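The values are calculated or read from the model by the stated rules, or taken from the named source; none is laboratory data. As the structure is a prediction and not an experimental result, all values here were calculated from the model. Note that each Cβ is placed from the backbone with ideal geometry, even for glycine, and that neighbours are counted across all protein chains shown. Heads up: the accessible areas ignore ligands, DNA and RNA and are worked out on the full protein's heavy atoms, side chains in. Shrake-Rupley method; radii C 1.70, N 1.55, O 1.52, S 1.80 Å.
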Amino acid sequence: DEEFNELCFEFGLELDEITSEKDIISKEKGEEKAKGASDTILYKIDVPANRYDLLCLEGLVRGLQVFKERISLPRYEKIIPAQGEGQRLIITEETVQVRPHAVAAVLRNITFTKERYDSFIDLQEKLHQNICRRRALVAIGTHDLDTISGPFTYTAKAPSEIKFKPLNQSQEYSASQIMDLYKTDSHLRHYLHLIENKPLYPVIYDSNGVVLSMPPIINGDHTKISVNTRNVFIECTGTDITKAKIVLDIIVTMFSEYCEKPFSVEAAEVVYPNGKTHIYPELAYRKEKVKPELINKKIGISETPSSLAKLLTRMCLKSHVTGNGNNIEIEIPPTRADIIHACDIVEDAAIAYGYNNIQMTIPKTYTIANQLPLNKLTELLRLDLAAAGFTEALTFALCSQEDIADKLGMDISATKAVRIANPKTAEFQVARTTLLPGLLKTIAANRKMPLPLKLFEISDIVVKDPNTDVGARNYRHFCAIYYNKSPGFEIIHGLLDRVMQLLEVPPNEENGYTIKATEGSAFFPGRCAEIFAKGQSIGKLGVLHPDVITKFELTMPCSALEINIEPFV
């Protein structure tokens with residue numbers, strides 16, 4: 001186990017833990033529930049998200065064997081059948097509105113065992129989750145070719161016109177019934193939204209009208225593959241053609257090793273609505289040139305060009321030195337869609353060299369870090385506010401719409417709040433535009449504490465701002481609150497004077513600060529003042545309105561102060 005852990009680390013992977021189903025269940029649910037669970041040892045390995053070729057045992061073992069130089073990288077071969085003998089997939093123009101792209105291939109004379117079959121299904125699931133973005137970009141269908149006859153048609157029809165027996169079901173359903181059937185299915189219900197509201201649903205037929213699948217939801221039962229399947233027809237439909245090609249390449253390269261002629265794939269022809277045809281899978285090999293000195297410089301090593309080429313070959317990037325040592329020519333196999341730029345090649349050379357083998361050096365540039373002025377001011381203020389007898393609170397930066405609008409007597413549109421697109425809970429719908437609700441909720445949670453409660457917080461608030469590149473802007477606010485049997489306006493006012501004294505802002509109009517009576521929806525009429533400093537309004541202080549207090553489930557009067565501290569940096 002230790003050796004394997006070392007090997008994973010050297011290869012740039014992480015062996016998360018060695019466990020078994022029994023251990024996992026007993027950890028989560030106790031020993032009683034774990035009785036009868038399997039004792040088989042499981043290795044949990046963290047694979048980087050860009051390495052689709054390591055997502056199944058076949059690819060992982062192949063990669064590690066090449067890395068250990070026990071085998072050389074196999075050459076993946078595309079076999080194009082004689083004219084008229086290959087499989088064809090015809091795309092009709094109806095699909096343009098729903099899922100416009102499709103690619104296909106065939107694995108001939110494949111030999112499955114229980115383990116290989118499970119791995120095959122498992123790889124599809126893993127690809128669906130990451131590169132396919134939960135089937136939104138690509139959906140994979142694998143079918144037993146011997147149960148159907150080509151050419152195949154990929155089209156889109158009205159839900160009422162599609163009827164077939166879905167995978168592992170006992171009877172036929174129409175497409176709309178299938179959608180209802182899977183609304184309660186824990187696995188499939190997450191994909192229904194992808195086509196649910198479309199006028200037409202995508203569907204693939206064979207030449208006899210047998211339904212292969214209704215992507216991205218479910219395959220037909222007629223074409224389901226089993227351990228005894230000999231010829232597999234693979235189709236990937238999607239909204240992103242590049243990702244569809246990558247997914248098809250990964251599946252066929254991983255499992256073609258079990259074909260009668262290992263690492264060979266039978267190509268299929270895809271006919272587009274405009275009559276053009278294309279042969280898939282592409283299985284494209286391409287050559288890149290990288291200068292050895294670039295690799296050495298970026299990693300901080302000094303290896304010879306030939307040893308760099310050897311390092312890259314161990315990482316499944318077959319390389320050799322060209323032009324008397326000035327260049328390394330690298331062949332990128334179809335399994336490595338993650339190699340986009342020279343820096344990806346440099347990274348692989350660094351992994352093969354071993355991160356731990358790179359000599360540590362002191363950087364040539366000498367710099368001293370400095371604290372951000374705004375943070376420095378915040379730290380200084382926090383100390384002195386605590387010295388003034390106030391307790392610091394840290395509250396969530398996200399809150400519900402009610403907290404910043406309804407409960408403070410404002411309209412949500414007037415707050416310029418930034419919304420979360422798909423909030424998980426009602427508590428976290430918007431980014432806060434004021435610190436006040438957070439402190440009021442903190443008091444509500446601490447009502448049992450002895451009075452008076454004196455709290456403060458210095459944190460960022462977020463408001464929309466169309467002039468910035470991200471469309472929003474942060475402001476560092478300071479908010480303090482006093483909660484007691486009497487409102488204590490004088491205590492909050494005194495705190496404001498203390499803060500201004502610390503900031504060396506005198507109480508006058510010319511170059512200091514002033515307060516002027518105003519009205520605020522959250523404050524008691526006639527008990528609210530606006531604070532002006534540096535020639536601008538920086539916030540308000542006052543006694544909170546009884547409605548605000550009751551909406552936050554409080555019972556006593558409360559006075560508060562909130563200012564923007566950024567002008568004082």
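Shown is the FRET efficiency for I368 and I41, computed with R0 = 41 Å from the Cβ-Cβ distance and rounded to the nearest 0.05: 0.20. Which of the pairs K126/K165; K416/K534; K424/K540; K29/K126; K183/K243 have their Cα atoms more than 30 Å apart in this structure? As for pairs spanning more than 30 Å Cα to Cα, those are K424/K540. Against the longest alpha carbon principal axis of the chain, how many degrees, from 0 to 90 and to the nearest 10, is the axis of helix 436-445 turned? Rounded to the nearest ten degrees, it is 90. Counting only protein heavy atoms and a 1.4 Å probe, segment 478-517 has 53 square angstrom of accessible area per residue.
Note on segment 77-280: Cα convex hull, mean projected area over all directions, 10.6 nm². From helices alone, the chain scores -7500 deg cm²/dmol at 222 nm; the rule is -39500 (n - 2.57) for each run of n ≥ 4 DSSP H residues, then divide by the residue total. Only alpha carbons enter this Debye calculation for segment 423-463, each as an equal point scatterer, and the log10 of I(q)/I(0) it gives at q = 0.14, 0.31, 0.34 Å⁻¹ is -0.41, -1.11, -1.19.
Ordered by solvent-accessible area of protein heavy atoms (1.4 Å probe), largest first, the residues D185, D46 come out as D46, D185. Can you bin segment 328-429 into rounded, prolate or oblate? Criterion: square roots of the alpha carbon gyration tensor eigenvalues sorted a ≥ b ≥ c, rounded for a/c under 1.5, prolate for a/b above b/c, oblate for the rest. Note, shape of segment 328-429 comes out oblate.
Seen against the Cα atoms of the chain and their longest principal axis, helix 373-387 is set at about 50 degrees. Packing here is the average count of other Cβ atoms within 10 Å per residue, and on that basis the peptides 527-538, 236-247, highest first, run 236-247, 527-538.
Each peptide in 135-143, 224-232 gets a packing score, the mean of other Cβ atoms within 10 Å over its residues, and the list from highest to lowest is 135-143, 224-232.
Taking only protein heavy atoms and a 1.4 Å probe, the accessible area of the chain is 51% carbon and sulfur. Look at the Cα gyration tensor of segment 404-539: its axes a ≥ b ≥ c give a/c of at least 1.5 with a/b at or below b/c, and that counts as oblate.
Cross-link partners for K441 among the lysines, with Cα-Cα distance under 19 Å and sequence neighbours closer than 8 places in the same chain left out: K407, K454, K485, K551. Excluding ligands, DNA and RNA, the accessible surface per residue across segment 286-357 is 49 Å² with a 1.4 Å probe.
Applying 1/(1 + (r/R0)^6) with R0 = 41 Å to the Cβ-Cβ distance of T19 and Y285 gives a FRET efficiency near 0.60.
Annotation: average projected area of segment 145-244 is 7.1 square nanometres, based on the convex hull of Cα atoms across all directions. Spacing of the modelled spin labels on H341 and Q359, each 7 Å from Cα toward Cβ, amounts to 2.8 nm.
Surface calculation, 1.4 Å probe, protein heavy atoms: E266 sits at approximately 20 Å² accessible. In this simple spin-label approximation, E402 and K163 carry label points 7 Å from Cα along the Cα→Cβ vector, and these lie 5.0 nm apart.
For segment 10-154, the gyration tensor built on C-alpha atoms gives a prolate shape. Its axis ratio a/c (a ≥ b ≥ c) is at least 1.5, and a/b is the larger of a/b and b/c. P(r) tail for segment 142-200: Cα pairs beyond 16 Å make up 55% of the total.
This structure gives Rg/Rh (Cα atoms, Kirkwood Rh), computed directly, and of [x] 1.10; [y] 1.04; [z] 1.17 that value is listed as [x].
How far, in degrees from 0 to 90, does helix 241-255 lean away from the longest principal axis of the Cα atoms of the chain, to the nearest 10? Around 50 degrees separate the two axes.
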